[in-house]
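Quick notes on the structure that follows.
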Amino acid sequence: MKVLNTVGQRVPMHDAATKVTGQAQFTDDLALPGMLYGKLVRSTIPHGRIVSIDVSRAKALPGVKGVITGKDIPDRVYGIVPKAKDEHALARDKVHYIGDAVAAVVAVDKEIAEEAARLVHVEYEPIPAVFDPLDAIKEGAPLIHDNLKTNISASIHKEFGDVEKGFAASDYVFEDTFFSQAVNHAPIEPHAALAAYDLQNGDLTIWSCTQIPYFLKRNLATTLLVPENKIRVIKPKVGGGFGQKIDMYAKDFCACWFAKELGRPVKFLYEREEVFQSTRQRHPMYLTVKTGVNKAGKILAQKITAYADGGAYNSTAPLMITLSCFFIMIPYRIENLIYEGYHVYTNKPVGGAMRGHGIPQARFAIERQIDLIAKRIGVDAAEMRVINAIRAGMPHPAGFIINTCGFADSVTEAAKAIGWKEKRGKLPFGRGVGLAGASFPSGVANMAHLASGAVVQLSREGRVSILSGAADIGQGAETVICQIVAEQIGVPMEDVHITAADTGTCPLDAGTFGSGVTVRAGNAALLAANDVRDQLFSFVADRLKCKPDDLMTANRRIWVKGNPDAGMSLSDALFEYQYSNRPLPIVGRGGWIPPAEQPTSLLTKNGNFSPNYSFMTQAAEVEVDLELGKVKVVKMVTVHDCGQPINPMLVEGQLEGSIMGGMGQALYEDSTCIEGQQYNPSFLDYGFPTVMEMPEMGALHIDTDDPVGPFGAKEAGEGTQLAPAPAIVNAIADAIGVEFNRLPVTPQVVLEALKKNADKS
Amino acid sequence: MRLPKFTHHQPTRIEDAIHALADNPGAKAVAGGTDLLVNMKHRVELPPALVSLSRIDELRGIRREGDATVIGACTTLKEIQRDEELGRKFPALVQAAMAVGSYRHQTMGTLAGNLCQNTRCRFFNQSWEWRRVRSLCFKAGGEDCHVVGKKNICFSTYSGDMAPALLVLNAAIRIQGPQGISHIPLADLFSGQGKSPLALASAHIVTAVVIPEASGNGLSHYEKFSLRDSIDFPIVGAAVWRENGSVRVAFTAVDRAPVRAQAIEAALQGQKLTGPAIEKAASLAAKSVKLVPTTIHPVAFKRDIMASLFIRAVRALG
Ligand SMILES: Cc1cc2nc3c(=O)[nH]c(=O)nc-3n(C[C@H](O)[C@H](O)[C@H](O)COP(=O)(O)OP(=O)(O)OC[C@H]3O[C@@H](n4cnc5c(N)ncnc54)[C@H](O)[C@@H]3O)c2cc1C
């Protein structure tokens, strides 16, 4: 096994000190001379036609520098999935939900901008609205988007294997329905954008808290009607995204538009309320799962019908519903599957990618049903998971290639860690354990833009500078990339510096989504670092009279393998390199695109979706307060196969965050609406769990050595968000014998259920 | 969200504060600001002037005056928690102080500010932009109540944690106005009206809370129910006090004012606190309150929680 110095180490995030001392600059920390402040005017009705917009009073307010409506800007739609674009920066003829942007103002200060926004008068002709996808698909439901004949904006109908035969061969067939609620990403940093325009050469620069600078650039180009090469997107520090910062928003478009029109820098910053109401949320989803099993608990066929509440626009609709389908067949081997999924418009806040992206809802349904079935047919729920586990090398019905897979082991280990044998079904009433499994892709193998590039420079002084397109949104992408480069060049972390996510200076990158950064951008950085090392080694090998392949490097030293004394310091090597008349800095380049013989986005055809797949099982122990209905998560363990963790501390950060997120989804959070209006748009009322609610946490690792990921790494970001919620609800069932198939499980529903059971007995 | 414009006064003497309040129509006192400033950002309270009480030394501190413990109005909740004697004599008070909001609310928030905090409702505690989707509610200056769908009525809920503890401790309030100092029972501080929940005349401030030493002879406990252990207002809060045969019980977050649970108290008068007696009394918990769904929590659920919380609080007395 290779000895690693930096990779695999618990290295602190490279920007941790600047963050904890408040010196790190987020978008709203930036200010430019002459900067104007923007504010959006938003729809106050859930559905209606815009009859007129009177901006005269706003325009007349001293200090106001511009007011625009949807009619003042190009009639261009944007969206993250090209064929599903359906959103205007500012509504043109119709508003589709409360919070839809209808006009934008800019002024010399924030107060005037706010006042001006209040002075814009919009007259609407209301249209009946619909708030539930099951109502929205009914005959005669109000049509939300005029260009479609129904409210179903994306759907998928897939059959794998022979489902009829599978059901016929089953000893039992069960059908259950599940519901996952809307939850908000609630990143700590609200959305912001700052744009500046160079009047001389027509360059437009935008600083935006985005997860995907290059997609944003493209969407800005197509909506502003400005050539892509005239737009530079810079991502400053980002305070969390969780998928919410994948989309482009009115603030990005409007900041650019005004900057260009007025020749002055313009900043937009969303209120927390706007983040809740007018950005994105996890799709609420109804799933009906019909499963056929044999007596041992082996799943022989599944049929799934899913209705996702998309809210007013598509965002990632087709991809979301597709992921929800294909990831049913992993981590369990499901040979026969029918999946029918619908993304349905409603007059509500918009669903979008959120950590797990369509898969958590499916996972909740499946993992809950496995527990239900295990109980009904009298097999052990953990064992049933092992029986059905997919394993490395097994064929996947849609063509996923599973090179490495620690899933079955993760179930066994998680069960052991939570004390399954001693506790399951054996704890006093009110206390219980449960577990759930999951798998996630390490990025998307092929869609437009899905390559990463990196440039690594080694200077005369031994300073390493990386250019990478990767977007660090707080997860530590930059740190991981620095570790990979430091490892290959043999320098400590403090010698490595990175400039990332600036489309004007950095190479192309797909951005942060689908958990692809470490594998994709990490591989690009690895190749670029190897390029530098090769150049240096070929020179040093000459000097040391050996072959480049025989050289080793670490701790700013290069030596001949097996002979540590035959070597030189990096500093001496660079000195001699310079005086041998070679050009400095040494520059290396790398580009990486996931290997895929049959590239696929899955939207149209099957294939290997991702370079590799992570696997995990999470197990929970809970205690239910039988008088007040409150569920306390006492302990949560994760057993994880993410290949080689590049930075175990950052992986743990992801695990802990996923537990908090899973607890939120299972027990605390509900982004509810009153007649289409998001009702709890503050951190007080929304009520996600805090550090006070966190349980004892444990993490164990299943070692696998993936052939594709850098140093064998697989994703460790989104995947862990899939299993915590079902694990917790499975534990609740063990604790009090109540099977909850609807989220969230609040004290109120627990008490109601306990009462009902008490009445029965 | 940004604060609206207002003038700011920062007197160092009580009399000057009262003058400033009297001289500036619509002015409000501000202590820690953790309740008022949020409402101002939401534009549901728009005082043209704020009179800060934070520089008035006389309003701070915990002292003994004869047969009473007197806590200055601007004493912070953290200071109350740290006072060992208070903890010994009036545990409910300290437990309530520890239950308020988060660390920051406890270090900034004051005792009088907590008692005088505004009532809350899911249609009221929202921004101007959020509220404009509907007509202005009665409490915010309009006519309609969006909770019950009626006019000129308001059921916004009193949600302070300190009041129930002080109610069962039989606390009184010391008030100072242009005419001088007076004392009233704490219960009389609350009007019972959702729209203007405080019965405090203009240019009057609370200067201290007075707790009879005798209350220290009994046992007391405060129990709060909220989803999170931090930040959240109570979904229900229950305080109990017991000495020999008499019991005092009070609830918060169940009506427009904090309430003494008279039905429970009467039922338990002179009774031994046996399991069945407590259970029976608990069923009377919601008797003296008007529960209205001003939060997402349904009335039936809150009723159940009131009963359970009362039982738990009594049990905690030992
Ligand atoms: C996120 C959040 C969570 C919270 N959670 C809780 C909670 O769990 N429990 C709880 O009880 N409260 C909670 N609060 C409310 C508030 O923080 C506390 O009630 C705090 O104790 C208020 O004290 P203050 O000094 O900051 O009051 P201020 O905001 O300064 O004043 C509140 C009101 O009292 C009046 N006032 C203040 N002092 C006097 C005086 N001496 N005489 C007359 N009137 C006066 C003011 O005019 C104002 O109307 C929360 C607030 C927030 C924002």
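Tabulated results
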item	result
Whether chain B is rounded, prolate or oblate, judged on the alpha carbon gyration tensor where a/c under 1.5 counts as rounded	oblate
Ranked by how many other beta carbons lie within 10 Å on average, peptides B:112-121, A:86-95, A:279-288 from highest	A:279-288, B:112-121, A:86-95
Protection proxy ranking of A:404-412, A:528-536, A:266-274 - average other beta-carbon atoms within 10 Å, highest first	A:404-412, A:266-274, A:528-536
Leading residue at positive end of dipole, the protein assembly as shown (Cβ point charges), from A:ALA733, A:LEU199, B:ALA20	B:ALA20
Candidate lysines - alpha carbon under 17 Å from B:LYS41, same-chain residues fewer than 8 apart omitted	A:LYS39, A:LYS110, B:LYS5, B:LYS28, B:LYS139
Solution diffusion estimate, µm²/s, Stokes-Einstein, the stretch A:661-761, Kirkwood Rh from C-alpha pairs, 20 °C, viscosity 1.002 mPa s	129
Sites A:THR21 and A:PHE429 - FRET efficiency at Förster radius 41 Å, r taken between beta-carbons, to 0.05	0.25
3J(HN,Hα) from dihedral phi, the stretch A:93-102, Karplus parametrisation 6.51/-1.76/1.60, rounded to Hz, x for glycine, proline	9, 10, 10, 10, 6, 5, x, 4, 6, 10
Cα-based shape type of the stretch B:183-318, given that a ≥ b ≥ c are square roots of the gyration tensor eigenvalues and the cut on a/c is 1.5	oblate
Amide H contacts of A:ILE702 (H built 1.01 Å from N, under 5 Å, at least 5 apart or other chain)	A:HIS640, A:ASP641, A:CYS642
Number of partner chain Cβ atoms within 10 Å, mean per residue of B:284-296	1
Debye, to nearest 20: dipole size of the stretch A:192-282, +1 on Lys, Arg Cβ, -1 on Asp, Glu Cβ	260
Candidates B:PRO11, B:PRO185, B:PRO276: whichever shows maximal mean-square fluctuation once chain B is modelled as a Gaussian network with Cα springs under 10 Å	B:PRO276
Dipole in debye (nearest 20) - the protein assembly as shown, about Cα centre, beta carbon charges: Lys, Arg +1; Asp, Glu -1	1280
Hz values of 3J(HN,Hα) by residue in the stretch A:284-301 - Karplus curve (6.51, -1.76, 1.60), Gly and Pro given as x	x, 8, 9, 10, 10, 10, 10, 10, x, 10, 8, 4, 7, x, 6, 7, 9, 6
Mean Cβ count within 10 Å, highest first, over the residues of peptides A:714-724, A:728-738, A:114-124, A:578-588	A:714-724, A:728-738, A:114-124, A:578-588
Inter-chain Cβ neighbour average for residues A:675-684, partner chain, 10 Å	4
Prolate/oblate/rounded label for the stretch B:126-234 (Cα gyration tensor, a/c 1.5)	oblate
Length added when fully stretched, A:ASN229-A:THR305, from 0.36 nm per residue minus Cα-Cα	23.0 nm
Anchor B:LYS280: lysines whose Cα lies under 18 Å away (excluding residues fewer than 8 positions away in-chain)	A:LYS755, B:LYS272, B:LYS302
Listed residues B:ARG134, A:ARG57, A:ARG376 arranged by accessible area, highest first, probe 1.4 Å	A:ARG57, A:ARG376, B:ARG134
Long-range amide H partners of B:VAL236 with built H, under 5 Å	B:PHE225
Farthest positive-ward along the protein assembly as shown dipole, Cα basis, beta-carbon charges - from B:SER196, A:ILE646, A:LEU603	B:SER196
Cα-centred dipole magnitude for chain B, charges only on beta-carbon of K, R (+1) and D, E (-1), debye, nearest 20	1020
Peptide A:624-630 - average C-beta neighbours from other chains (10 Å radius)	4
Highest-fluctuation residue, B:ARG132, B:ARG122, B:ARG242 considered, GNM on chain B with Cα pairs under 10 Å	B:ARG132
Centroid-to-centroid separation of the stretch A:81-131 and the stretch B:266-318 [C-alpha atoms, Å]	48
Those lysines that a straight Cα-Cα span of less than 28 Å connects to A:LYS561, excepting residues fewer than 8 apart in one chain	A:LYS2, A:LYS545, A:LYS547
Theoretical gain in end-to-end length, A:LYS71 to A:ASP705 [0.36 nm per residue, Cα-Cα removed]	222.7 nm
Unit charges at the beta carbon, dipole of the stretch A:395-513: most positive-side option, A:PHE440, A:GLY511, A:GLN457	A:PHE440
For A:HIS185, distant residues with modelled amide H under 5 Å away	A:ARG282
The protein assembly as shown - Kirkwood radius from inverse mean 1/r over Cα pairs (Å)	31.5
Mean Kyte hydropathy of -1.0 or more with a Cα span along the axis of at least 27 Å, helices from DSSP in chain A	A:517-544
Between the stretch A:641-667 and the stretch A:570-636, the alpha-carbon center distance in angstrom	13
Separation in nanometres of the label points that stand 7 Å from Cα toward Cβ, at A:SER580 and A:ASP132	7.5
Computed [θ] at 222 nm, helices only, for chain A once each DSSP H run of length n ≥ 4 contributes -39500 (n - 2.57)	-8500 deg cm²/dmol
C-alpha center-to-center spacing [the stretch A:281-358, the stretch B:203-219] in angstrom	59
Sequence-separation-based contact order of the stretch A:620-761, relative, with Cα cut under 8 Å and 6+ spacing, percent	39
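The values are calculated or read from the model by the stated rules, or taken from the named source; none is laboratory data. The shown structure was predicted, so the numbers you read here are calculated from the model rather than taken from an experiment. When we count neighbours, we look across all protein chains shown, and the Cβ atoms used for this are built from the backbone with ideal geometry, even at glycine. Each accessible area value is taken on the protein alone, full model and side chains, heavy atoms only, with ligands, DNA and RNA left out. Shrake-Rupley method; radii C 1.70, N 1.55, O 1.52, S 1.80 Å.
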